[in-house]
Amino acid sequence: VQDDLVSVDDARQWLELEWRNVVKLANYAAHHEWKQYCVDLSNAVAEFIDSRGYWNDGINIHRTALRLSRDLGDSLRLARAASDLSLLELRVGKYDDALLHVEDAAEIYRSTNDDRNVAGSLDRIGAIYRFKGQAREALAYHQEALWIYREIQNDRGVADALCNAGAAYIDLGRYAEAVTYCQN
């Protein structure tokens, strides 16, 4: 990274120019038995890849990161890689794959008592069910995520889960409840 990156905007511009090289570096690390570096680089660019819509490019590196995390036997890296991959699979409509991976992540997060990431995983499971047209199942997961977020006092998570539950209510045609959730 350049020494003259002094602001968030500078860093974003640098990443916009260099993200492909970061992915190449992660692939290089994967092929040279630097598994941990590949997994960590993959996770480091995950949010950027998602926010910029480079989903198909991201799926490949996250699949590699998932495989290498299993090789490493590192459950936290495995959960992160599964979660990162599930989001991109959701974005490109691979709902069954996304569901499988986020459920794996949720199980690992539960085993480590990581409530914030359990709630995030449950909320994503709900989103996947919504996109699959299963609004009742989606609502149950969003409400469980909401309950956990409230318990741990995570305001952003509460807001996300309320919005997602509201969307599930809309899908169910229960507009009064949707309004209540969206105004909360």
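Some values worked out for this structure:
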{"item": "Helix 55-72 vs. the chain, principal-axis angle (Cα, 0 to 90°, nearest 10)", "result": "80 degrees"}
{"item": "Karplus-derived HN-Hα couplings along region 144-157 (A = 6.51, B = -1.76, C = 1.60, θ = phi - 60°), whole Hz, x at Gly and Pro", "result": "5, 4, 4, 4, 5, 4, 5, 4, 9, 6, 9, 4, 5, x"}
{"item": "Folded to 0 to 90 degrees: helix 115-131 orientation relative to the chain principal axis, Cα", "result": "70 degrees"}
{"item": "Residue-wise HN-Hα coupling along region 137-142, computed from phi with Karplus coefficients 6.51, -1.76, 1.60 (Hz; x: Gly, Pro)", "result": "5, 4, 4, 4, 5, 5"}
{"item": "Rounded D (µm²/s) - region 47-107, Kirkwood Rh over Cα pairs, Stokes-Einstein at 20 °C, 1.002 mPa s", "result": "191 µm²/s"}
{"item": "Cα-based helix-to-principal-axis angle, 95-111 vs the chain, degrees rounded to 10", "result": "90 degrees"}
{"item": "HN-Hα J in Hz across region 18-24 - Karplus 6.51, -1.76, 1.60, θ = phi - 60°, x for Gly and Pro", "result": "10, 4, 4, 5, 5, 5, 4"}
{"item": "More than 15 angstrom apart: percent of Cα pairs within region 1-73", "result": "53 percent"}
{"item": "Computed helical MRE - 222 nm, the chain, DSSP H runs ≥ 4 contributing -39500 (n - 2.57), nearest 500", "result": "-27500 deg cm²/dmol"}
{"item": "Cβ-placed point charges (K, R +1; D, E -1), dipole of the chain about Cα centre in debye, nearest 20", "result": "460 debye"}
{"item": "Inter-part distance where region 108-184 and region 20-89 are each reduced to a Cα centre, Å", "result": "26 Å"}
{"item": "For region 1-125, radius of gyration divided by Kirkwood radius, i.e. Rg to Rh on alpha-carbons", "result": "0.99"}
{"item": "Region 1-125, relative contact order [Cα under 8 Å, separation at least 6], %", "result": "17 percent"}
{"item": "Protection proxy ranking, peptides 20-29, 85-94, average beta carbon neighbours within 10 Å, highest first", "result": "85-94, 20-29"}
{"item": "Span per principal axis, largest first, for the Cα atoms of region 77-184 (Å)", "result": "41, 31, 17"}
{"item": "Which of Asp155, Asp97 is most accessible, then next, and so on - probe 1.4 Å", "result": "Asp155, Asp97"}
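The values are calculated or read from the model by the stated rules, or taken from the named source; none is laboratory data. As the structure is a computational prediction, the values presented were derived from the model and not from experiment. Ideal geometry is used to build each Cβ from the backbone, glycine not excepted, and the neighbour counts take in all protein chains shown. For accessibility, only protein heavy atoms count, side chains too; no ligands or nucleic acids. Shrake-Rupley method; radii C 1.70, N 1.55, O 1.52, S 1.80 Å.
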